[in-house]
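Report on the following structure.
The values are calculated or read from the model by the stated rules, or taken from the named source; none is laboratory data. Treat the numbers as computed from the prediction; the structure is a model and nothing was measured. Neighbour counts run over all protein chains shown; Cβ positions are idealised from the backbone, glycine included. Side chains are part of the model used for accessible areas, which takes the heavy atoms of the whole protein and leaves out ligands, DNA and RNA. Shrake-Rupley method; radii C 1.70, N 1.55, O 1.52, S 1.80 Å.
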Amino acid sequence: MGSTSKRQLPLSSSSSSSSSSSRAASGQGNAAVRPKTPASRRSVTPNSRVHSNEDDSDSGRVRVAVRLRPRNADDLLSDADFADCVELQPEMRRLKLRKNNWSSESYRFDEVFTESASQRRVYEVVAKPVVESVLNGYNGTVMAYGQTGTGKTYTLGRLGNDDASERGIMVRALEDIIANTSPTSDSVEISYLQLYMESIQDLLAPEKINIPITEDPRTGEVSLPGAAVVKIRDIDHFLQQLQIGEANRHAANTKLNTESSRSHAILMVYVRRSVHEKVEDEISSQEKVNRSDVPGGSRIPIVRKSKLLIVDLAGSERVDKSGSEGLLLEEAKFINLSLTSLGKCINALAENSPHIPIRDSKLTRLLRDSFGGSARTSLIITIGPSARHHAETTSTIMFGQRAMKIVNMVKLKEEFDYESLCRKLEKQVDQLTEEIERQQKLRKNDTDEMEKRLRECQNTFAEAEKNLVTRSEFLEKENTRLELEMKDFLNELNHQKDLNVLMRDEVASLEMSLKHSKLQGQKCIDNQHHKFVCTLLPRVLPCLAKELWAAFSWNTLTIRGASLQWEF
């Protein structure tokens, strides 16, 4: 997955303010001077922020709030005859630190919480704006700093198993993140680490110790390869992981705190969100033009990756007050060493020093993006009211005052979600492959059907052609036979004609012969008749006449046409 765009807010890190010593000498108080910075192109402050008392030009500055711990039993017993060294003016966001009964110094912070402030209000003012920025694609850091026993772990890491109202910033931040992400398109992952005696250890996998820190040479981003990364399903799952981490964290009983944290705890929350159309509407048209489209009209999906660090620093302490010795003393040395390195970095950033000693400690390397980097940072400093710890309280307050001068270049990190695009395109390829296979199968079936029909048509045509040839041959034979018969018939007719002519001639000849014969026969008959009549008849007739006369009364006898008449 490649990075595509990092939009940043052009916030200047320069500030015009004097050092803490000069402020003390002038007697003008120690209110921090806010740096003047140009307005950002796009505010990282969500509209739904509960407390929004900052200007857009001030949105990259480290926000610092102070929280006063209530008096505990030890304070009530030791300082019974002394007034508190701290006086709060929450409506003015000021804190007065008494040096003695007649002198005090005033400090201004972004928010001041009294000892009665609820956990919910602390979260909404300090951490909720950072969480909303993380949900919008910006890196964020929420950190607690203060003396041992002033309530840092209570503010950040309180689980609130028995009372939900006591839940700290860690639990409430994950509640908001889980509630505002979609399990289908977004992901929330965590790593929980501790920095113990300059060794990074995994609280979720205790067997992983001395985890190295690596930096991307191109972007400068810090990563911890080898650290366990757990994908969070819901808030109950997160609470289980947090309980596992807290059980593995180093803690000890000191004079200042019965459960003193001996390591810096760092909760890393990785949020990955897909940019939907509603979010894209907020992006300028020029940025939309700059986004590439893949061939075929598919828009490359955009993903926003952000990281939230919630850092519970171990408390600074004086060995003579905490009573640390042996291993506790070694732990205290490493704690104070890393906190000193952090203080040096913040001093250098506040004074615009050309050299920032980030590499002096692993803690400062882990927090390089939180101070002077691209993350939006909120710092809550915790102090106690007891005058016995005036020096520690002063040091904590000055740490917060210097941190307020730091201005980060807040950046929105967007990346082309090539993995999602690849999965989408692979799915489309699979669908198209299935469709092609289905179409090919249908085409094959159609081809087979057409070939079958073609074969049937060819067979029918061949059979018809065969029948036609047979019929043609039969007709040709019949035609030949008929032609022969016709010729025979014509010959016969001609022969008959000739016969007819002969017959006609013969008939004519016969008629002539007959006519001649008739003529000859008539002459012969006449001759015979004449002979008969002349010779024989006179002899016979008289004898017969008498006999016939008796029977007939003929008087005329015709014989062969000759009529004989006689008279008796």
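Here T377 fits the description: at negative phi and open to solvent by less than 10 Å² (accessible area, probe 1.4 Å). The set of residues from the range 151-187 being of a type in the set (V, I, T) and open to solvent by less than 10 Å² (accessible area, probe 1.4 Å) comprises T155, I169, V171, I177.
Kindly provide the set of residues from the range 330-363 that are of a type in the set (A, V, I, L, M, F, W, C), modelled with pLDDT of 85 or more and open to solvent by less than 70 Å² (accessible area, probe 1.4 Å), ordered by number. Listed by number, the residues that qualify are L339, L342, C345, I346, A348, L349, A350, I356, I358, L363.
Starting from residues that are polar (S, T, N, Q) and closer than 22 Å to L339 by Cβ, keep the ones in the range 195-224 and report whichever is most open to solvent (accessible area, probe 1.4 Å). If we take residues in the range 195-224 being polar (S, T, N, Q) and closer than 22 Å to L339 by Cβ, then N210 is most open to solvent (accessible area, probe 1.4 Å). Would you check if there is a residue in the range 120-132 being of a type outside the set (G, A, S) and either more than 48 Å from the chain's Cα centre (by Cα) or open to solvent by 60 Å² or more (accessible area, probe 1.4 Å) (or both)? So far as the range 120-132 goes, yes, one or more of its residues are of a type outside the set (G, A, S) and either more than 48 Å from the chain's Cα centre (by Cα) or open to solvent by 60 Å² or more (accessible area, probe 1.4 Å) (or both). Of all the numbered requirements in (1) open to solvent by 10 Å² or more (accessible area, probe 1.4 Å); (2) modelled with pLDDT of 85 or more; (3) over 45 Å from the mean Cα position of the chain (by Cα), Q401 misses one, and that requirement is (1).
Restricted to the range 427-458, and to residues there that are open to solvent by less than 100 Å² (accessible area, probe 1.4 Å) and of a type in the set (D, E), the residue that is nearest to S185 (Cα to Cα) is D430. Candidates in the range 94-109 are the residues that are open to solvent by 50 Å² or more (accessible area, probe 1.4 Å) and touching a Ser or Thr at 6+ places or on another chain (Cβ under 7 Å); of these, the one that is farthest from A65 (Cα to Cα) is R98. Each residue in the range 386-398 was checked for being under 16 Å from Y145 (Cα atoms) and open to solvent by less than 10 Å² (accessible area, probe 1.4 Å), and 3 pass.
Restricting attention to the range 133-150, the residues being open to solvent by 10 Å² or more (accessible area, probe 1.4 Å) and touching a Pro at 6+ places or on another chain (Cβ under 9 Å) number 2. Pairs linking a residue in the range 119-146 that is assigned to a helix (DSSP H, G or I) to a residue that is among the polar types (S, T, N, Q) and modelled with pLDDT of 90 or more, with Cβ atoms under 6 Å and 6 or more positions apart or on different chains, are V126/S378; V130/S378; V134/S306; L135/N180. All told, K531 falls short of being modelled with pLDDT of 65 or more and loosely packed, with under 11 Cβ neighbours inside 10 Å.
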